[in-house]
Amino acid sequence: MTAAVELTGITKRFDDVVAVDNIDLEIADGEFFAMLGPSGCGKTTTLRMIAGLEFPTMGSLKIFGDEVGTLPPNKRPVNTVFQNYALFPHMDVIANVSFGLRMQGIDKKVATASAREMIKIVRLEGLEERRPSQMSGGQQQRVALARALVNHPKVLLLDEPLGALDLKLRQEMQGELKRLQQDLGISFVFVTHDQEEALTMSDRIAVMNDGQLLQVGTPEDIYENPANRFVADFIGQTNLLEGTVEDSSTVCLANGARVHAPSAHGSGTKVAISLRPERAHIRQRGDVSAGETAVDGVVESVTYLGNARVYGIRLDFMGMEVRDENRPGAMLHEPGSEIAVSWETSAISVVAD
Amino acid sequence: MTVVDQPVDDAGVEATPEFEAAAIRQESQRGFLLALPSYAYLILFFVVPLVIVVVYSFATRNQFGGTDLSGWNFDSYAKLGEPIVRAILFRSVWLALITTVICLVIGYPFAYFLATRSPRIRNVMLVFVMIPFWTNFLVRNYAWRVILGNNGPLTKTTEFLGLGEQELLFSQTAVVLGLVYGFLPFMILPLYASIERIDSGLLEASRDLYANGWQSFRRVLLPLSMPGVIAGSILCFVPSLGAYVTPEILGGAKTTLLGSYIVTQFLTARNWPLGASLSFVLMAIMLSATLVYFRKGGQTL
Amino acid sequence: MSSAVEPRGWTKAMLHANGWLVYLFFYAPILLLVIFSFSASRNVGTWGGWTFDWYREFSDNQSARNALSDSLKVAVFSTVVSVVLGTMAALSLERFTFRGKQVFDALLYLPIIIPDVTMAVMMLLFFSEFFDAINFVFGLNMRKGFNSIVASHIAFSISFVSVVVRARLAGMDSKMEEAALDLYATRWKAFRHVTLPQISPGIAGGALLAMTLSLDDVVITQFVAGPGWTTLPVYVFGLIRKGVTPLINAISVVMLIASMTLVVLSLVLERARGGTGTQ
């Protein structure tokens, strides 16, 4: 099946700065796809190139097989929901929503009717005559959505659409966007710097940093098997135990301890063992189950989170965190206790830079 | 955003640096074409006249009062050092300074007062400050002529108050009065904009840290509103220095200021080169004042 | 501002008093002028009973009426041209980059800061040379008059218009134009349907400013006007120098009312637009 969006060798240079560095990406039809990364990583620039608001410096950009990289935005079958919605303040909701249809030459009556239907779908019925300034952030966002979707784009692009909303509203909208996407069946390409959001909503995520595409995969892939140090660190919480690869199944930690850690990296590579706090266990020293690896440490602090406890542990070469769910019967550990931190081999990833 | 409208047909091609460069160029051209009419207009009707003024300032005044452009010299600039001219220059700068200071002293409290009203009242008050500002400049000066003239309301009032007949017209005081009247809004508006921008939380913090009113003003309010003070001062000083209408109407023959002196060179005294050099000097002073303002990181007005 | 940091007592009284005095200072002369324009006394500034005589004299005075119509012609013409040119200039500076942009930007500021005496001198010298050159080359007999006045007014108005429109453009979210393109508008349609409605208050403001500057101008017009052409301010200015008469009072009040009407008009327009919820 043809990919909805296909980027090959896409690079974008602004004067001397390489904003997007030679990325290859395929987004399937009907997929909820997130582009995730810190500010300045190139995710927004990439989105704008798909929209046509920037030209790639080099590379091929196809939408459903058609090369569109050099076409202006008004000739591409995609629409964008902008970060601050960019609603036209001098037009009411109907005029805003029907704008794209009118620009395509569609008759005013027909356009208005379609707009009204879309307004119903995003549940803004009754607010057709309002101006953007008379609406709340959440309502404005729905107008922006309606305005884009009414044109039946083949792909919908969203540039950090939930950033301006408060927490509760954001969570509500996350669910709604997901529902909407599944109902409509088109691809949504979503840019965000909030990894929790990306994990919650997406079918697949592309993690970017510094213009480079680091990893593309499902939320599980990205979380469980991060491709490198940056991805491991950026997504969720993790402990990075520094060390060097000894052989294909052993890593020598910074304190000299040799631990069982299978990896494909060459011998001598500087790596880190990524261990999520919730996958680490605290055991008594010497009381470690078979199949688990352990290192000795001392409990430094306990933080009570209500649903869990986070222990700050000092190993001899670094500090780390272990997260224990607050279940009845869970063992509690006091600061100062000399314990061992252990984990199953399947719980870790060995990552390089 | 670089956008190209038509060169490509509906099937696109793969992007290349050449395409991008062409798109940027086309966008750049568009911008240039938009700017071109005004650009050309200003070059013709502003830059060229300016150059002509400079050229004339080096010319000589021939015996008939015409201008001889062939002999180039610094005569008219030398004339600037003469006592008459120096006196006029000093007087003009002095009056402009006094005007600016008065505007500042009156305008600052007013701007502060304005900035600390509630938003609705503020808007109404601003409108009422703007209205005189928009009315005809000549008429506003003339109004003072009427008030200050003999048997005018001012003398009637002072007589009534037992202060005797006070004739203020045709004096430096009258001119300053007229200048302050004309340019006070120019001081108030930038000051107001500057003060209004200051976070009132800062003044509260200063109080919390034991400063009294005067100290808060001197150490917090004043420094933070300095951009407004500078902008307002320049906006008052510059036009006051080059004022022509106000001194003519209110100043009379006794107080010749720079503006009138320049005009005389062209209308009666017929010494165009001197007039040109004076105009140029006036403009140079203006430009330096503005540059100083921008150097100090002033915002665009 | 919280009441804890508001000035109290003596300072507060002074601030309030200063405020009211400033307003009095602004409006008293204007009010007095209006009152005296109805005074029947030959002596300007003294009260001699109600009369409309001076206004009648104004409407009978041919030269005054000519000056008035000349002023209006010049103002309208120069406003239209400077609004078009100024808006284009503002657009080019706020939405595009091109070679020489900074020079252009700086050039646009010059007419704003230049003292009008200097500008008057500049234009006088320019037109003397210019017309000499044109007449020499093309064998015409062009002289100073309507053209020179309008050309000079346009020269200083373009900058003022562009400043006002630029402020409006800068305050506008440029993403809206991108959104319009994303929604299939062409560049021109995006401008017409999205940009233009949003900057139109700025354009109107700029037009008002240009009009006011043109109607206000004395020195520059005086220097570049030719025989047979004079604007009302220049005419009145000439009268004042010859001696103050009640007729001048009447003309002044008429000019006052005209400019006030313009201001009120623009405020009403802004209310009408502002009421639609723009920023």
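The values are calculated or read from the model by the stated rules, or taken from the named source; none is laboratory data. Nothing here was measured: the structure is a model prediction, and the numbers come from that model. FYI the Cβ positions are ideal-geometry reconstructions off the backbone, even for glycines, and counts take in every protein chain you see.
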For this session: Return only the number of the condition from (1) in contact (Cβ under 8 Å) with a residue 40 or more places away in the chain; (2) surrounded by 22 or more Cβ atoms within 10 Å (Cβ to Cβ); (3) in a loop (DSSP other than H, G, I, E, B) that A:T46 does not satisfy.
Result: (3)
Exercise. Does the stretch A:189-207 hold any residues that are more than 15 Å from A:E26 (Cβ to Cβ) and either modelled with pLDDT of 95 or more or out of contact with any Phe, Trp or Tyr (no Cβ under 8 Å at 6 or more places or on another chain) (or both), and which are they?
Worked result: A:V191, A:T192, A:H193, A:D194, A:E196, A:E197, A:T200, A:V207
Exercise. Any idea which residue in the stretch C:181-196 is farthest from C:V161 (Cα to Cα), counting only those that are at the interface with chain A (Cβ under 7 Å from one of its Cβ atoms) and part of a helix (DSSP H, G or I)?
Worked result: C:D182
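Listed here are the residues, each with its yes/no results for (1) farther than 28 Å from B:V129 by Cα; (2) within 13 Å of chain C (Cβ to nearest Cβ); (3) part of a helix (DSSP H, G or I).
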site: B:G178; (1), (2), (3): no, yes, yes
site: B:Y192; (1), (2), (3): no, yes, yes
site: B:E204; (1), (2), (3): yes, yes, yes
site: B:T246; (1), (2), (3): no, yes, yes
site: B:L250; (1), (2), (3): no, yes, yes
site: B:A253; (1), (2), (3): yes, yes, no
site: B:Q265; (1), (2), (3): yes, yes, yes
Problem set entry | Residues satisfying the stated conditions in the stretch B:85-124, i.e. buried (at least 18 other Cβ atoms within 10 Å of the Cβ) and within 28 Å of C:L269 (Cβ to Cβ) | B:F110, B:A111, B:L114, B:A115
For this session: Filter the stretch A:312-353 for residues that are of a type in the set (S, T, Y) and within 27 Å of the chain's Cα centre (by Cα) and give the result.
Result: A:T345, A:S346, A:S349
For this session: Could you grab me the full set of residues in the stretch C:94-113 that are in contact with a helix residue (DSSP H, G or I) (Cβ under 6 Å, 6 or more places away or on another chain) and in contact (Cβ under 8 Å) with a residue 24 or more places away in the chain?
Result: C:E94, C:L108, C:P111, C:I112
Exercise. Before we move on, is C:F126 facing chain B (nearest Cβ under 7 Å), within 19 Å of C:L169 (Cα to Cα) and free of Cβ contacts under 8 Å to residues at least 40 places away in the same chain?
Worked result: no
Exercise. Which members of the stretch A:67-113 meet the condition of being closer than 23 Å to A:V5 by Cα and of a type in the set (D, E)?
Worked result: A:E67
Problem set entry | Single match in C:I199, C:I257, C:I203 (criterion: under 23 Å from A:F99 (Cβ atoms), outside any loop (DSSP other than H, G, I, E, B) and under 17 Å from the mean Cα position of the chain (by Cα)) | C:I203
Exercise. Only one of A:L213, A:L124, A:L167 is surrounded by fewer than 18 Cβ atoms within 10 Å (Cβ to Cβ), of a type outside the set (S, T, N, Q) and in the same structural domain as A:A51 (by TED's automatic domain parsing); which?
Worked result: A:L167
Exercise. In the stretch A:152-175, is there at least one residue being of a type in the set (G, A, S) and not in a helix (DSSP H, G or I)?
Worked result: yes
Exercise. Can you tell me which residues in the stretch A:92-117 are part of a loop (DSSP other than H, G, I, E, B) and either aromatic (F, W, Y) or more than 8 Å from every other protein chain (Cβ to nearest Cβ) (or both)?
Worked result: A:D92, A:G105, A:I106, A:D107
Exercise. Which residue pairs have Cβ atoms closer than 9 Å, lie 6 or more positions apart in sequence or on different chains, and pair a first residue in the stretch C:10-30 that is at the interface with another protein chain (Cβ under 7 Å from one of its Cβ atoms) and touching a residue at least 12 places away in the same chain (Cβ under 8 Å) with a second residue that is part of a helix (DSSP H, G or I) and among the basic types (K, R)?
Worked result: C:I30/B:R140
For this session: Filter the stretch C:207-253 for residues that are in a loop (DSSP other than H, G, I, E, B) and either more than 10 Å from chain B (Cβ to nearest Cβ) or closer than 24 Å to C:V163 by Cβ (or both) and give the result.
Result: C:D217, C:V218, C:A225, C:G226, C:P227, C:G228, C:W229, C:T230, C:T231, C:G243, C:T245
Problem set entry | Cβ-Cβ under 7 Å pairs, at least 6 apart or on other chains, the stretch A:157-169 side farther than 12 Å from A:R142 by Cβ, far side of a type in the set (S, T, Y) and outside any helix (DSSP H, G or I) | A:L157/A:T80; A:D159/A:T80; A:E160/A:T192
Exercise. Which condition number in (1) assigned to a helix (DSSP H, G or I); (2) farther than 24 Å from B:Y39 by Cβ; (3) touching a residue at least 12 places away in the same chain (Cβ under 8 Å); (4) not polar (S, T, N, Q) is the one that C:V163 fails?
Worked result: (2)
Seminar exercise, completed: By residue number, the members of the stretch A:170-192 that are on the phi < 0 side of the Ramachandran plot and either exposed (fewer than 14 other Cβ atoms within 10 Å of the Cβ) or among the polar types (S, T, N, Q) (or both) are A:Q171, A:E172, A:Q174, A:G175, A:R179, A:Q181, A:Q182, A:D183, A:S187, A:T192
Problem set entry | Lone unmet requirement of (1) under 21 Å from C:S259 (Cα atoms); (2) within 14 Å of chain A (Cβ to nearest Cβ) for C:H153 | (2)
Exercise. Do you know which residues across the stretch B:206-244 are among the polar types (S, T, N, Q), part of a helix (DSSP H, G or I) and away from chain C (no Cβ under 13 Å)?
Worked result: B:S233
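Rundown of residues vs (1) closer than 27 Å to A:N307 by Cα; (2) of a type in the set (A, V, I, L, M, F, W, C); (3) in contact with an Asp or Glu (Cβ under 9 Å, 6 or more places away or on another chain); (4) crowded, with 20+ Cβ neighbours inside 10 Å, yes/no style:
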{"residue": "A:D194", "(1), (2), (3), (4)": "yes, no, yes, no"}
{"residue": "A:I222", "(1), (2), (3), (4)": "yes, yes, no, yes"}
{"residue": "A:L241", "(1), (2), (3), (4)": "yes, yes, no, yes"}
{"residue": "A:S248", "(1), (2), (3), (4)": "no, no, no, no"}
{"residue": "A:L253", "(1), (2), (3), (4)": "no, yes, yes, yes"}
{"residue": "A:I273", "(1), (2), (3), (4)": "yes, yes, yes, yes"}
{"residue": "A:D287", "(1), (2), (3), (4)": "yes, no, no, no"}
Exercise. Any chance the stretch A:195-202 includes a residue that's of a type in the set (A, V, I, L, M) and over 14 Å from the mean Cα position of the chain (by Cα)?
Worked result: no
Exercise. From the residues in the stretch A:51-83 that are closer than 22 Å to A:R123 by Cβ and within 7 Å of another protein chain (Cβ to nearest Cβ), which one is surrounded by the fewest Cβ atoms within 10 Å (Cβ to Cβ)?
Worked result: A:F82
Exercise. Are there any strands (runs of 3 or more DSSP E) wholly within the stretch A:245-353 with 1 or more residues that are among the charged types (D, E, K, R) and touching a strand residue (DSSP E or B) at 6+ places or on another chain (Cβ under 9 Å), and if so which?
Worked result: A:258-260, A:270-275, A:281-284, A:292-304, A:308-315, A:319-325, A:338-344
